[in-house]
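Structure first, commentary second.
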Amino acid sequence: TWKIMTHARLSAASDVASIMPAWRHLADNSLSPAGLNSPELVAPLLQHVGGAELLVVKQENEVLFAMPVKRRKFPSGLLAHWTTPLTPIGTPHVSTSAPASAFSVMLGALPVPLMVTSIETSGAFWNYASTRNAHFRIVDRWERACLRPRGSFAEWMEKNFSAKRRKEYKRLQARLSETGQ
């Protein structure tokens, strides 16, 4: 049961709109969660950012890979995943059903190097991508401690807030719960 995978670089609003349901399904079932990189946020941005495109790998009507990109001015011709203040996370959507094939088709289809930014190096996509035969180089790496708190929420709250502030938050929570669910 062979099924041919195709790749495309979509820039027209009608092309992006035509794959929106399949892209939404991919985002819901991706190696990494969509979060702020959801299709509902990225699709309108594609229309308003000059030169932005959506790299897509499809198999029949199913989207297996989706990542917004934009050609960089410097270095000349480099294709780069782009992030915006509204979509600061750079992780592309990759299908869990055929990640190796989708990733290989995407890398093989690119005529120029791809620069990917803002990817969590301990996330599912990075763990998968770094084990492939693709050539990767980490140019800059940083980590935000607040994104991965240690322990439970109660422990974090006790460690980072005074007793007075915790009491105030409990009071506010009780008042808010009086208004409904």
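Among residues of the range 136-175 being over 30 Å from the mean Cα position of the chain (by Cα) and open to solvent by less than 100 Å² (accessible area, probe 1.4 Å), the one that is modelled with the lowest pLDDT is 161.
Each residue in the range 21-40 was checked for being touching a Pro at 6+ places or on another chain (Cβ under 9 Å) and assigned to a helix (DSSP H, G or I), and 6 of them qualify. When 46, 41, 36, 64 are checked against the criterion of being open to solvent by less than 40 Å² (accessible area, probe 1.4 Å) and farther than 18 Å from residue 100 by Cβ, 46 stands alone in meeting it. Looking only at the range 117-131, residues that are in contact (Cβ under 8 Å) with a residue 40 or more places away in the chain and closer than 19 Å to residue 56 by Cβ come to 2 in all.
The values are calculated or read from the model by the stated rules, or taken from the named source; none is laboratory data. Keep in mind the model is a prediction, meaning the values are calculated, not measured. Glycine gets a Cβ as well: all are built from the backbone with ideal geometry, and neighbour counts include every protein chain shown. When the accessible area is computed, the model is the full protein with side chains, heavy atoms only, and any ligands, DNA or RNA have been set aside. Shrake-Rupley method; radii C 1.70, N 1.55, O 1.52, S 1.80 Å.
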